[in-house]
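The values are calculated or read from the model by the stated rules, or taken from the named source; none is laboratory data. Since we're looking at a predicted model, the values are computed, not measured. Methodologically, a virtual Cβ is constructed for each residue, glycine included, from the backbone with ideal geometry; neighbour enumeration extends over all protein chains shown. What goes into the accessible areas is simple: the full protein's heavy atoms, side chains included, and nothing from ligands, DNA or RNA. Shrake-Rupley method; radii C 1.70, N 1.55, O 1.52, S 1.80 Å.
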Amino acid sequence: MRIKTCRTALAYIAAVIVMIVAMPARTVAQETPYKFDFGAGIGMSGYQGEAAKTLFSHPGFAGQIGVRYLPTSRWAIRGTIDVLTISGNTADMDNVLPGGQQYDFKSTVYDIGGRVEFNFFSYGIGETYKKMRRWTPYLSLGVGVTMAMCDGESAFGPNIPFAFGFKFKLKERLNLVTEFAVVKVFNDHIDGKDLADLATIKSSFLKNNDWYSRFTVGLTFEFGKRCETCHYVD
């Protein structure tokens with residue numbers, strides 16, 4: 001029942017975002033002055049799996065660089081590269097492994113992915129006739145690939161990132177961005193291959209395939225100015 005509930009929740013979130021993405025762009029957006037932005041952010045990472053009590057039981061470092069294509073003021077297509085450190089320890093958990101064994105790990109995680117972002121408001125500055133705002137919350141959904149290095153061994157798996165963030169224009173081309181992202185990895189070994197052998201049982205959907213998260217604060221800079229079209233009337 002727990003597995004079915006989790007899968008239903010994920011399917012519901014995905015369906016809502018797909019419905020938003022399918023909305024006609026003309027009803028929600030205007031073109032932005034620039035086509036792209038590039039930026040970086042740093043912050044804190046978290047891990048949820050067999051060796052963690054809560055998502056941020058053992059916080060680590062998170063760093064990210066990314067580039068966005070900005071087709072409109074409401075939509076963005078984004079590519080990202082993330083580097084995170086995650087760790088866990090079963091000693092501070094209520095669950096006990098078979099034989100009373102304990103397990104701890106430290107992993108370095110590399111994440112490459114692409115996402116679609118939806119801004120709640122038309123995002124921009126200096127064009128009041130387009131009813132743009134210099135701040136907006138946003139949602140994003142995407143796909144990616146995770147590679148984790150733990151105890152000299154590597155693990156790979158596809159992932160699905162869900163993110164909620166906030167953008168604020170410091171200047172016309174300079175943006176402050178904060179984001180919280182949760183990433184579902186379809187691999188149970190980003191916390192080491194030994195842990196699955198120690199547990200010897202197949203756990204719930206939430207635990208069996210690992211999750212990690214990150215909270216970052218960063219800056220982005222817009223570039224690639226669009227040609228302005230003037231409509232001449234004689």
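Sorted by average packing, counted as other Cβ atoms within 10 angstrom per residue and highest first, what order do 64-70, 166-172 take?
The packing order, highest mean first, is 64-70, 166-172.
Can you give me the orientation-averaged projected area of the convex hull built on the Cα atoms of the stretch 33-94, in nm²?
5.3
Note down the accessible area of Thr54, probe 1.4 Å, to the nearest 10 Å².
Accessible surface of Thr54 is approximately 70 Å².
Rg(Cα) of the stretch 126-195 divided by 2.2 N^0.38 Å?
1.65
On a 28 Å Cα-Cα criterion, which of the cross-link pairs Lys35/Lys131; Lys169/Lys225; Lys35/Lys184; Lys184/Lys225; Lys35/Lys106; Lys131/Lys184 come out too long?
Lys35/Lys184; Lys184/Lys225; Lys35/Lys106; Lys131/Lys184
If amide hydrogens are placed 1.01 Å from N in the peptide plane, which non-local residues have theirs closer than 5 Å to the one on Lys184?
Under 5 Å from the amide H of Lys184: Ile160, Phe162.
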